[in-house]
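Encoded as C-alpha cells, the structure appears first; notes follow it.
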Amino acid sequence: MPDQSENRIDDDLLGKYLAGETDAAESERVRRWLDQDQSERQEFDRFERIWNTAGQLKQRPEPPSIPVDTDAAWQKMRSRMSPPAVAGPKPFEPAPESAAPEPVVKPLPVEPFRTTRNRSWWQSPAWAVAAMAVLVSGLLWVLLQQTKTEPIADVAAVTTTDKIEKILPDGSTVLLNKDSKLIYPERFAADSREVQLTGEAFFDVKPDPSKPFRIRVRNTTVQVLGTSFSIRAYTDDVRVAVRTGKVKFSARKQEITLVRNEQAAFDAKKDTIIKAPKFDVNAMTFQTGKLVFDNEPLSNVIKALNEVYHADIHLANAEIGQCKVNASFENDSLEDVLKTTAEAMHLSILHDGNRIILNGKPSCK
C-alpha cells in the first residue's frame, strides 16, 4: 500500500475537486486516493451529496425547511480523511511554536442558473408589431372616412305652366319661369357652386368670393360672385341680362363681361356672343311682371309677347309690323295686352287653335 504521506490529499485540492475546478491530473489523483480506503470513499460520497444539496437550496426562493450545517459536515469529513498526527516536525519544514488552525475549505457558492423569463404574449415583439399595424390601419381608415368623396345627389326643379321659386343650398334664390328646368346638387362642393339651366330663370346669388357660382346653359357658361341677373335659353340661343353686379358670359370661342343694365346674346348659328346696344327692361318681365314699350315697332312687341307669354302670335302682313307702340303693362294677361294693343292700332284678333293673328290696315300711315 502506498505511503499515506505521499498520497495525502490536501483540503484545497478536495475543495477544487468538489467545485469542478481541478484539471485531469488532479482529478485522477483524487480518484486514486479515494479508491485506497472504502470508508473514506463513503464519507466523501455523503459529503458530496450535502455539497450538491447546498447548491440546489441556494436556487430556491424560500429557505429550506431543514437547515443543513455544511461547515460542520466539512469539519467532520476532514477529520476522518486526514492522516494521524505525526510527532515532531516534518523533515522539510520547521515545527511551529504553536499549531495554527488548519484552513477550512468551504463549498464554493453555487450561482443559480439564470434563465430568461418567459414574456407574456402581449410583451412579445411580434405582438407589438401587430398592435402597431392595427393602430395605423385604424387611423388610416378614420382619415379615409373623413376625406372620402361621396357622390352628391342632384335635384331637378321642373316647371310646366307656372313659375316656381327655389332656394339653393347656399341660400341663393332662383325664380324659374314656366317650361324650364334647373339641376343643382343637394349640397355644393367646397370650392365651387355649379348648376345647369334649360329655359329661363332669374338668379339672385349670395356673394362668396371663395366659391364662384356657375350656370351651365347650353353651350355657354355664366359665372358670378354675387349679383342678380336673368338668363333665357329655351333654344340654343342664350340671352343674359344683368340687373346688379357683374357676370362673365363665355362660349367656346368668346368671353365677355357684363355689368349692371347690360345684356348680351349668344347666337348658336354664328357661334358668337353679341352685346346689345341698350338694355331691354322686358328681359326681366317674367320676374318683374312689367312690360314697357317705348316707341317700339309692333313686330318687336309681338316678339316680346311670344317670349313672355310663350304664345304663338303672328301679324297678317309686314306693313303693320312697322307701326310704333307706346304702352306699359304690369301683371296683365296676354288677352288684356292683345286687346289693348289691337284697339289702339285698329286691328282685329283672329284665333286659329293656339295660333293668334293680328290683322288690319296699318293705321300709322
Item to check | Complete set of residues in segment 153-206 that are in contact (Cβ under 8 Å) with a residue 40 or more places away in the chain and within 29 Å of the chain's Cα centre (by Cα) | outcome: 170
Checklist outcome for this item: Condition set without any contact (Cβ under 8 Å) to a residue 60 or more places away in the chain and of a type in the set (Asp, Glu), scope segment 271-307, selection most open to solvent (accessible area, probe 1.4 Å): answer is 294
Next on the checklist: Regarding segment 308-329, can at least one residue be identified that is under 26 Å from residue 204 (Cβ atoms), of a type in the set (D, E, K, R) and within 59 Å of the chain's Cα centre (by Cα)?
Outcome noted: no
Item to check | Any hit, segment 308-319, residues being surrounded by fewer than 14 Cβ atoms within 10 Å (Cβ to Cβ) and assigned to a helix (DSSP H, G or I) | outcome: no
Checklist entry - Quick one: which of 165, 194, 200 is assigned to a strand (DSSP E or B), surrounded by 18 or more Cβ atoms within 10 Å (Cβ to Cβ) and among the acidic types (Asp, Glu)? => result 200
Checklist entry - Considering segment 321-334 alone, what residues qualify as being assigned to a loop (DSSP other than H, G, I, E, B), open to solvent by 50 Å² or more (accessible area, probe 1.4 Å) and on the phi < 0 side of the Ramachandran plot? => result 332
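One line per residue, one yes/no per condition, for (1) within 25 Å of residue 179 (Cβ to Cβ); (2) out of contact with any helix residue (DSSP H, G or I) (no Cβ under 7 Å at 6 or more places or on another chain):
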position	(1), (2)
302	yes, yes
307	yes, yes
310	yes, yes
313	yes, no
326	no, yes
330	yes, yes
334	yes, no
342	no, yes
352	yes, yes
Checklist entry - Residues in segment 227-234: is at least one more than 19 Å from residue 285 (Cα to Cα), in contact (Cβ under 8 Å) with a residue 40 or more places away in the chain and not charged (D, E, K, R)? => result no
Next on the checklist: I need a count of the residues in segment 171-214 that are closer than 25 Å to residue 306 by Cα and hydrophobic (A, V, I, L, M, F, W, C).
Outcome noted: 8
Checklist outcome for this item: Per the list (1) open to solvent by 10 Å² or more (accessible area, probe 1.4 Å); (2) free of Cβ contacts under 8 Å to residues at least 40 places away in the same chain, residue check on residue 218 breaks on (2)
Checklist entry - Which ones in segment 257-300 are aromatic (Phe, Trp, Tyr) and not in a helix (DSSP H, G or I)? => result 266, 279, 293
Next on the checklist: Condition first: surrounded by 13 or more Cβ atoms within 10 Å (Cβ to Cβ) and farther than 20 Å from residue 295 by Cα. Now tell me which residues in segment 335-358 satisfy that.
Outcome noted: 349, 356, 357
Item to check | Residues located in segment 181-191, provided they are modelled with pLDDT of 95 or more and either exposed (fewer than 13 other Cβ atoms within 10 Å of the Cβ) or closer than 22 Å to residue 283 by Cα (or both) | outcome: 181, 182
Checklist entry - Condition test on residue 348, is it in contact with a strand residue (DSSP E or B) (Cβ under 7 Å, 6 or more places away or on another chain) and more than 24 Å from residue 234 (Cβ to Cβ)? => result yes
Checklist outcome for this item: If you go through 338, 305, 358, the only one that is in a strand (DSSP E or B) and not basic (Lys, Arg) is 358
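The values are calculated or read from the model by the stated rules, or taken from the named source; none is laboratory data. Everything quoted here is computed from the prediction, not taken from an experiment. Backbone-built Cβ (ideal geometry, glycine too); neighbour counts: all protein chains shown. Remember, those area values only see protein heavy atoms, side chains included, never the ligands or the DNA or RNA. Shrake-Rupley method; radii C 1.70, N 1.55, O 1.52, S 1.80 Å.
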